[in-house]
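Comments concern the structure below.
The values are calculated or read from the model by the stated rules, or taken from the named source; none is laboratory data. The shown structure was predicted, so the numbers you read here are calculated from the model rather than taken from an experiment. Cβ atoms come from the backbone with ideal geometry, glycine included; neighbour counts cover every protein chain shown. For the accessible areas, the whole protein counts, side chains as well, though only heavy atoms, and no ligand, DNA or RNA atoms are used. Shrake-Rupley method; radii C 1.70, N 1.55, O 1.52, S 1.80 Å.
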Amino acid sequence: MKKIVGFLIASVICLQADVNLITDKSDFHINWLVDEFKQETGIKTNVLFTEKGLVERAKVEKDAVLLTNDALNLVKLSNDNVIKDIDTKTDLYHTKNYIVTSGRVRGFFVEKGEPTPLTYDDIISEKYNATVCIRPLTHNYNLVMFSYMLETKGEAYTRNFIDKLRTNLATAPDGNDRSQVKLISEGICNVSIGNSYYMGLMQKDPVQSEWASKVDFVTPKDPIWLYSAVAMTNDTADNRKFIEFLTSKKIQEKINANDFEYTNIKSIGKVSLETVAKQKEKALKIVMEN
């Protein structure tokens, strides 16, 4: 009898599969999330962080949940028939095979007391000549911004925006969104382009809070949003559990509180992610041409 019980226990353990999570989100977004998922479900999450190459990795990983800071990655994988359908009842914005889990605005960090740009056109005006900082234009956050411009304003507008943005730079693009705020605090520039959630994250950091104290975050008129989203390459019970956990009201509220991202997103405005995704290669080409 003891042998039979032991065999049954061993069988249950073997059936308890892990969730393989491929993500390009930073560890401060992920660590608390997978810890809480294990506490709630008992399921371990094997995390593969990939700053670049999430799309390529997803194509070879046959059993994974994909959590990306750029929903356009999942548009591509959907078009390539890599991700599975998600039969979900969530009221978050979703397509047949991915769900938008959070979002942030690509806006402006402005030195306190300096003129405030209210639109993306303002940032490229002569008023901001040699006063703007930004991370490399080839970074994904900027390519998504340019892709939205291509889709909504056209190629001529986008080329002009990139050209004039370069003219207004105070220093060569380098670093990340937080380091641009550091440059503002050092007097190198007066305004930078960055994601909204970095303000909250910097305020939590003992060193970076000093940088954040020097600036205000401004959401432009008609803001450009960057969306995170989740999908899966294999339809398993545990993968579904992770997605249901991630999109639950409780975790959506915690993502908002912990990561300072906008959550409970039910619509994404007039421009579809599918049409924006088609512009991304052109956006990179334009940046590289200049």
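Contact map, region 229-257: first residue more than 24 Å from A58 (Cα to Cα) and among the charged types (D, E, K, R), second residue modelled with pLDDT of 95 or more and buried (at least 22 other Cβ atoms within 10 Å of the Cβ), Cβ cut-off under 9 Å, separation 6 or more or different chains; pairs are K254/L33.
Residues are listed down the side, and each one gets a yes or a no for (1) among the small types (G, A, S); (2) closer than 24 Å to V215 by Cα; (3) without any contact (Cβ under 8 Å) to a residue 24 or more places away in the chain:
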residue: L74; (1), (2), (3): no, no, no
residue: D85; (1), (2), (3): no, no, no
residue: G103; (1), (2), (3): yes, yes, no
residue: G113; (1), (2), (3): yes, yes, yes
residue: T131; (1), (2), (3): no, yes, no
residue: L143; (1), (2), (3): no, no, no
residue: M149; (1), (2), (3): no, no, no
residue: R159; (1), (2), (3): no, no, no
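Please go through region 281-290 and pick out each residue that is touching a residue at least 40 places away in the same chain (Cβ under 8 Å), open to solvent by 40 Å² or more (accessible area, probe 1.4 Å) and of a type outside the set (S, T, N, Q). Listed by number, the residues that qualify are K282, L284, M288. Among the residues of region 267-290, the ones that are modelled with pLDDT under 95, part of a loop (DSSP other than H, G, I, E, B) and not polar (S, T, N, Q) come to 4 in all. Within region 256-273, restricting attention to residues that are surrounded by 13 or more Cβ atoms within 10 Å (Cβ to Cβ) and of a type in the set (D, E, K, R), which residue is nearest to the chain's Cα centre (by Cα)? Per the stated criteria, the residue is E261.
Residues of region 122-151 that are at negative phi and surrounded by fewer than 17 Cβ atoms within 10 Å (Cβ to Cβ): S125, E126, K127, N129, P136, T138, H139.
Answer with yes or no whether K221 is touching a Leu at 6+ places or on another chain (Cβ under 7 Å), of a type in the set (K, R) and open to solvent by 30 Å² or more (accessible area, probe 1.4 Å).
Values: touching a Leu at 6+ places or on another chain (Cβ under 7 Å): yes; of a type in the set (K, R): yes; open to solvent by 30 Å² or more (accessible area, probe 1.4 Å): yes.
Taking the combined requirement at face value, the residue satisfies it.
How many residues are surrounded by 14 or more Cβ atoms within 10 Å (Cβ to Cβ) and not β-branched (V, I, T) when one looks only at region 15-25? Residues that pass the stated criteria total 4. The single condition among (1) under 19 Å from K112 (Cα atoms); (2) crowded, with 22+ Cβ neighbours inside 10 Å that A231 does not satisfy is (1). The lone criterion from (1) open to solvent by 30 Å² or more (accessible area, probe 1.4 Å); (2) under 25 Å from S78 (Cα atoms) left unmet by T247 is number (1). Of note, G200 does not satisfy the criterion of being of a type outside the set (V, I, T), more than 15 Å from K112 (Cα to Cα), in contact with a Gly (Cβ under 8 Å, 6 or more places away or on another chain) and modelled with pLDDT of 95 or more. Among the residues of region 81-121, the ones that are basic (K, R) and either surrounded by 15 or more Cβ atoms within 10 Å (Cβ to Cβ) or touching a Gly at 6+ places or on another chain (Cβ under 8 Å) (or both) come to 3 in all.
Is there a residue in region 217-230 that is closer than 19 Å to V34 by Cα and out of contact with any Ser or Thr (no Cβ under 7 Å at 6 or more places or on another chain)? Looking for residues that are closer than 19 Å to V34 by Cα and out of contact with any Ser or Thr (no Cβ under 7 Å at 6 or more places or on another chain), one finds none in region 217-230, hence no.
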